[in-house]
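Have a look at the structure below before the remarks.
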Amino acid sequence: MPTTTRKRKAEVLTNITDVFAEPQRKVSKVHPQVPKDSIPREEAALPATPQTLTEGMDSDDDFNSVASSVDLGEDMSSSVDFGAGESDVDVDDDYQDDGAFDTTAKDLTPQRKHFEVDFKVYSPQDIQSQQDTQVAEVSNLLEQPTEATAILLRYTRWNKERLIEQYMDDQERMLEKAGLGQEINQNPPRLEVRNNFTCDICCEDGPGLETFAMNCEHRFCTDCYRHYLTQKIKDEGEAARIKCPGDGCGKIIDSKSLDLLVPDDLTDRYHQVLMRTYVDDKESLKWCPAPNCVYAVECGVKRKDLNRVVPTVHCDCKHAFCFGCSLPDHQPTPCVLVKRWVKKCEDDSETANWISANTKECPKCQSTIEKNGGCNHMTCRKCKNEFCWMCMGLWSEHGTSWYNCNRFEERSGTDARDAQAKSRQSLERYLHYYNRYANHEQSARLDKDIFHKTEKKMTLLQSSSGMSWIEVQFMEQASQALQQCRQTLKWTYAFAYYLARNNMTEIFEENQKDLEMAVENLSEMFEKPTDQLAGLKVEMLDKSSYCRQRRVILLDDTAKNLRDGNWQFNVELS
Amino acid sequence: MAGNKRLLKELAECQQNPPPGCKIALENDEDILIWNVTMAAPSDSVYAGGNFKILIKLPKEYPFKPPQLNFKTKVYHPNVTNDENGSMCLGMLRADEWKPPNKIADVLKLVRTVLASPQPDDAVEQGIAEQYKNNRKEFDKIAKDWVNKYAK
Ligand SMILES: [Zn+2]
Ligand SMILES: [Zn+2]
Ligand SMILES: [Zn+2]
Ligand SMILES: [Zn+2]
Ligand SMILES: [Zn+2]
Ligand SMILES: [Zn+2]
């Protein structure tokens, strides 16, 4: 256990510079981009079959040890060690780069949170070297040249064990199936000029025609060969399994032949596509879906585990996404429910359209109120009525224990008897949740707008008042907390929609309500005039930190119960 | 690039020595990319006596990309779509199966083979395929009816 991480727990947020130094250290620890060559690649390159959550697991220790034994390569597994019931490990801050700034000693708990999963971020270089290592290893074992080994490994979708087994079983057949034929050790590929030759593709037959053939001897002029490869790589996005252009020939083009034939820009593309295929072929690897991001993430959570865990991973590019379905982070809602919910919202988009309106009427004086910040606490300009944008109820009642803005009250039996009343009630129920879901989405956008406006003012403030860049960063932190919490809140409403009502639902709704209030309180501060903001720094930091705490509490509880199969849903998860 | 020499040669060959049962002409003389084929069904098949109009459209990238083929004459067949396209699903015409040395004549030979012996397991018309497998008599009857109605 590296001492730096241990010490970190005790660090108190006394001075903001420290807090900013921290994430740097973290990044280099979790994602080993730095001393690449000094790291033995083997373990990272050849993950053992990762163990994952299984149906039968029942204790926290089981969960932790199972989840953390997922083979994520060298430094992650060495820094994460839940061996022999030891739980005093602070890995939680390793992947919370988003929550990195708030960690005061009091809200750091030693155990890893239930909603967190182990993962590792790889750069394209990492992925290339993983492949190289595997090729080299298998190449030694099979005594085949690396080119041929690479083809064999791609053919078996990088399943090394299967390849070796099949190869040992019947070498010739394996080579044949992978498109290698038997004579792979002879004749490096080369171009040949021929005189009495007709290219079977373009019918060119002039003297001195430059031609190419792999050792299957399907010979064509280099122009045609080149054109064929270009089209496969560029238009069809193929790489690992491009066959010889010869009629009926299954021999696969190796990258040596390819390098000989196609221009450099296309070779780059070819290797890119090969890399894509490598990651696509592995269940434990996924590309970060953020636009233009080049990183891939490794995570041991399998498809079959997705009803028990929502595997949010954090790419080095700062994008948080679900390893299960590649959508942006949707904790606490499991992937299947997300899919259902998104589909439902699409299907019902017209019914729900009126909701996205930015204006409503004041419930007291009916004058039009426009929402221009994320905050749901509205004050009517005309009559000063304070109300909640979501439910239009009095704001003063929202803090009280008996008021429930987030809960949908089922109407009691009598009026829901006939079909029409029932369908009306189910629509109302849907709208209740959709309303809140959509509202947090919209509010997150509005909060961000306000933040950007504020940010400009803060920059001005900096130059006029001499406040340092560091000193105005609390705004950024608050904004991030807000975005993140709204994202979570948004999905809690999809989650709640599918939740069957029982005593557990109430705990969930309590947590949801607490987080919601915390978020609204923070959100309100963004609407304060800029000249007051500097003086509100401490309060804002406090509120941000409280929001994060509430979020962690909600996510942790929900994830734990999801893992244990305690939630009852009103739909089948499968 | 590879296009014209190859295409002219193929066309000349097809006209001098057409694939069995086929007559080939360009849809119009200006455009070498659209071929008109009239295919006489094999005499030992249920479609015997039928002459089928087939339109072959060649992509600009031909022969690197496969030709497109449509039955212009209605045909009751599990492997030909029963719509205005009359597309026939042939393995060799799929982008990942097509190889540039493949010739239009080869395609036509295959088309004629499939016409004579349907491949119900590879069908585009499931209903017709079911009937072909389970009620051949009825299938034959309709197929012949259609030949008389549309392909004479
Ligand atoms: Zn050629
Ligand atoms: Zn070949
Ligand atoms: Zn990324
Ligand atoms: Zn997901
Ligand atoms: Zn009012
Ligand atoms: Zn409310």
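Work out the mean other chain Cβ neighbour count within 10 Å for the residues of B:92-105 and drop it here as an integer.
Other-chain Cβ atoms within 10 Å of each residue's Cβ, averaged: 4.
Roughly how tilted is helix B:3-16, in degrees to the nearest 10 and between 0 and 90, from the longest Cα axis of chain B?
Orientation of helix B:3-16: about 50 degrees from the principal axis.
Applying 1/(1 + (r/R0)^6) with R0 = 56 Å to the Cβ-Cβ distance of residue B:87 and residue A:365, what FRET efficiency is obtained, to the nearest 0.05?
With R0 = 56 Å, the Cβ-Cβ based efficiency is 0.30.
Distance from the Cα centre of region B:127-143 to that of region B:80-109, in angstrom?
Centre-to-centre (Cα) distance: 23 Å.
Under 5 Å between amide H atoms, partner at least 5 residues away or on a different chain: which partners does residue A:251 have, H built in plane at 1.01 Å?
A:244
Helix B:136-150: angle to the longest alpha-carbon principal axis of chain B, degrees 0 to 90, nearest 10?
With both axes taken from Cα atoms, the answer is about 50 degrees.
Could you tell me the calculated FRET efficiency between residue A:505 and residue B:29, based on Cβ-Cβ distance and R0 = 56 angstrom, to the nearest 0.05?
Calculated transfer efficiency: 0.15.
Ordering B:54, A:507, A:164 from largest to smallest accessible area (1.4 angstrom probe), what's the sequence?
The residues order as A:507, A:164, B:54, largest area first.
Between residue B:94 and residue B:135, take the C-beta separation as r, use R0 = 35 Å, and let me know the FRET efficiency to the nearest 0.05.
So the FRET efficiency works out to roughly 0.70.
Within region B:1-108, list the trypsin sites (Lys or Arg not before Pro) lying in a DSSP loop whose Cβ has at most 14 other Cβ atoms in a 10 Å radius.
B:60, B:94
How far apart, in nm, are two points set 7 Å out from the Cα along the Cα-to-Cβ line at residue A:422 and at residue A:157?
Reported label-point gap for residue A:422 and residue A:157 is 4.4 nm.
Shielding of A:194-200 by partners, i.e. mean partner chain Cβ atoms within 10 Å per residue?
Across A:194-200, the average partner-chain Cβ count within 10 Å equals 2.
Quick check on region A:192-262: take the gyration tensor over C-alpha atoms, sort the square-rooted eigenvalues as a ≥ b ≥ c, and tell me if it's rounded (a/c under 1.5), prolate or oblate.
prolate
All other residues with a Cβ under 14 Å from the Cβ of residue A:211 taken together, and with Lys, Arg as +1 and Asp, Glu as -1, what is their net charge?
Once all neighbours under 14 Å are counted, the net charge is -3.
For each pair in A:371/A:528; A:232/A:286; B:103/B:144; A:160/A:251, compute the distance between the two Cα atoms and list the pairs where it is over 19 Å.
Table pairs above 19 Å Cα-Cα are A:232/A:286; B:103/B:144; A:160/A:251.
Mind giving me the nanometre distance, one decimal, between the label points for residue B:148 and residue A:132, set 7 Å out from Cα along Cα→Cβ?
Placing both labels 7 Å along Cα→Cβ, they lie 7.4 nm apart.
Quickly work out the residue A:247-to-residue A:193 label distance, labels modelled 7 Å from Cα along the C-beta direction, and quote it in nm with one decimal.
Roughly 3.0 nm, to one decimal.
The values are calculated or read from the model by the stated rules, or taken from the named source; none is laboratory data. None of these values were measured; they are calculated from a predicted model. Here the Cβ is made from the backbone with ideal geometry for all residues, glycine too, and neighbour counts use every protein chain on show. Ligands, DNA and RNA are stripped out before the accessible areas are found, and what is left, the full protein with its side chains, is counted by its heavy atoms. Shrake-Rupley method; radii C 1.70, N 1.55, O 1.52, S 1.80 Å.
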